[in-house]
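Structure first, commentary second.
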Amino acid sequence: MWFGVGVMVALAIGAVIWVALKVSKKDCKKYDERQVAARGKAYKAGFITFVFCELAVFFIELFTEKALVLFSPGVLHILILLVSLLVFIEYAIFSDAYYNVGQGFNIKWCIIMLMLGGVYILQFLRTERDWFAIYTFAAGLFIIIVIVSIMIKHAVNKKREAALDQEESEE
């Protein structure tokens, strides 16, 4: 029960911070038209993933006539949410629709987030409760996958820019 209360408090704090940042950054750059279109496709891919996974769980439960419970009630649905969110984020990253127009790559932020993902995975190894171990492992893996994807995309962009610069200098 206390875990659920903690999650709700964390979500409420996150919502307050998000609203405060949204109000304070009215003059920040927005996504361009291409990015908005790519983000729309990313939302669609994430939503389709979510619906497909939830329907799969529904039909498994329907045909087996048993609830599909992974360690504890709700764990499977959190994992489905994380997978759907991962599909959305990965599509956005590799479509150049993850960062705003004026925003760029920050290696310090990536290192901090990789460390956070590592802490979550260490917490997975330390905990004795199965359901909590799954939550922490999934969160850590999610963070690490996203950050590694951002770093890969940044490296690909740098290589592409270097090739274009070399092409221009040869002409």
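Against the condition in a helix (DSSP H, G or I), open to solvent by 60 Å² or more (accessible area, probe 1.4 Å), more than 22 Å from ALA38 (Cα to Cα) and out of contact with any Gly (no Cβ under 6 Å at 6 or more places or on another chain), how does ILE152 come out, does it pass? Answer is no for this residue.
For first residues located in segment 52-73 and in a strand (DSSP E or B), partners that are open to solvent by less than 80 Å² (accessible area, probe 1.4 Å) and lie 6+ apart or on another chain with Cβ distances below 7 Å form the pairs LEU70/LEU76; SER72/TRP131.
Need pairs with beta-carbon distance below 8 Å; first residue closer than 23 Å to GLY4 by Cβ and among the aromatic types (Phe, Trp, Tyr) and within segment 74-92, second open to solvent by 40 Å² or more (accessible area, probe 1.4 Å) and modelled with pLDDT of 95 or more; sequence gap 6+ or separate chains. No pair meets every condition.
If I go through segment 80-120 residue by residue, how many of them are over 29 Å from ALA38 (Cα atoms) and open to solvent by 40 Å² or more (accessible area, probe 1.4 Å)? Before the answer, list the steps.
Taking segment 80-120 first, the residues over 29 Å from ALA38 (Cα atoms) are 115, 118-120.
Filter once more, keeping what is open to solvent by 40 Å² or more (accessible area, probe 1.4 Å): 115, 119-120.
The qualifying residues number 3.
When you look at LEU81, is it in a helix (DSSP H, G or I) and out of contact with any strand residue (DSSP E or B) (no Cβ under 7 Å at 6 or more places or on another chain), yes or no? Don't jump to the end; show me each part of the working.
On the way: in a helix (DSSP H, G or I): yes; out of contact with any strand residue (DSSP E or B) (no Cβ under 7 Å at 6 or more places or on another chain): yes.
The answer is yes for LEU81.
Looking across segment 121-149 at every residue that is surrounded by fewer than 16 Cβ atoms within 10 Å (Cβ to Cβ) and within 12 Å of the chain's Cα centre (by Cα), the one that is nearest to GLY74 (Cα to Cα) is identified as ILE145.
The values are calculated or read from the model by the stated rules, or taken from the named source; none is laboratory data. Predicted, not measured: the structure shown is a model, and the values here were computed from it. When we count neighbours, we look across all protein chains shown, and the Cβ atoms used for this are built from the backbone with ideal geometry, even at glycine. The accessibility values were calculated without ligands, DNA or RNA, using every heavy atom of the protein model including side chains. Shrake-Rupley method; radii C 1.70, N 1.55, O 1.52, S 1.80 Å.
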